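Chemist: Have a look at this one before I ask anything.
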């Protein structure tokens with residue numbers, strides 16, 4: 001009886017493994033038309049990736065974002081892949097590449113390439129910049145969102161500011177539908193003590209719309225400026 005039971009268990013395990021292999025192959029197979037493929041589902045389990053956080057971002061491989069802002073600043077990004085983390089199976093990693101606009105038409109020096117990740121867990125979304133010399137963002141790694149997604153949610157994070165460690169405080173300011181029949185938009189403020197900034201504090205604000213991801217960004221420039229640098233998402237006219 002025990003031998004038969006062990007044999008049946010082995011058959012079931014083998015069947016599940018084969019089924020999972022087929023599903024994985026389908027998800028990572030050729031992209032659809034225009035290079036757009038389907039997004040893998042979050043992993044299962046008690047510690048699964050938050051579906052609420054996943055729903056904030058685009059769900060198709062090949063999706064592109066276009067941003068334009070102050071002083072001819074702009075950058076574009078493309079979602080290259082969505083995969084699990086090698087460190088933890090309960091993590092989704094959005095792999096993104098792109099380029100920051102060069103308003104000098106090639107005369108400026110430096111690297112305008114862009115590579116970053118959105119890392120989604122059961123309760124957080126973190127941005128990791130792997131390449132972005134010309135990107136206007138300040139922090140190489142920043143926790144963008146944390147559950148619950150409601151006004152008043154706060155968290156703290158240690159960040160590097162000019163080689164020194166500081167504590168950044170983040171707060172969700174609002175979570176509401178801002179346009180009729182539009183998506184829910186989450187507005188977040190990040191602040192950290194920093195020399196050379198108004199009242200000694202660097203402030204960054206971002207807005208995330210369900211299904212679109214980041215749609216607005218703003219940051220303080222310095223104590224001599226009475227305005228914030230801003231950029232917005234837009235849709236190219238030829239699309």
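The values are calculated or read from the model by the stated rules, or taken from the named source; none is laboratory data. Small disclaimer: the values here were computed from a predicted structure and weren't measured. Positions of Cβ are backbone-derived with ideal geometry, glycine not excepted, and every protein chain shown enters the neighbour counts.
Chemist: Taking the stated definitions as given, is residue 149 surrounded by 13 or more Cβ atoms within 10 Å (Cβ to Cβ), at pLDDT 95 or above, part of a loop (DSSP other than H, G, I, E, B) and touching a helix residue (DSSP H, G or I) at 6+ places or on another chain (Cβ under 8 Å)?
Modeler: In short, yes.
Chemist: Which of the residues belonging to the stretch 228-239 are assigned to a loop (DSSP other than H, G, I, E, B) and at pLDDT 95 or above? Break it down into steps so the answer makes sense when it comes.
Modeler: Step one: filter the stretch 228-239 for residues assigned to a loop (DSSP other than H, G, I, E, B), giving 234-239.
Passing the criteria: only 234.
Chemist: Another question, then. Scanning for something closer than 19 Å to residue 157 by Cα, surrounded by fewer than 16 Cβ atoms within 10 Å (Cβ to Cβ) and without any contact (Cβ under 8 Å) to a residue 40 or more places away in the chain, does the stretch 201-213 turn up at least one residue?
Modeler: Yes, the stretch 201-213 contains a residue that is closer than 19 Å to residue 157 by Cα, surrounded by fewer than 16 Cβ atoms within 10 Å (Cβ to Cβ) and without any contact (Cβ under 8 Å) to a residue 40 or more places away in the chain.
Chemist: Can you tell me which residue within the stretch 174-194, out of those that are surrounded by fewer than 16 Cβ atoms within 10 Å (Cβ to Cβ) and touching a residue at least 24 places away in the same chain (Cβ under 8 Å), is farthest from the chain's Cα centre (by Cα)?
Modeler: Ranking the qualifying residues of the stretch 174-194, first place goes to 193.
Chemist: Next question, about the same structure. Considering only the stretch 221-239, state which residues are closer than 17 Å to residue 68 by Cα and touching a residue at least 12 places away in the same chain (Cβ under 8 Å).
Modeler: Of everything in the stretch 221-239, those that are closer than 17 Å to residue 68 by Cα and touching a residue at least 12 places away in the same chain (Cβ under 8 Å) turn out to be 228, 229, 230, 231, 232, 233, 234, 235, 236.
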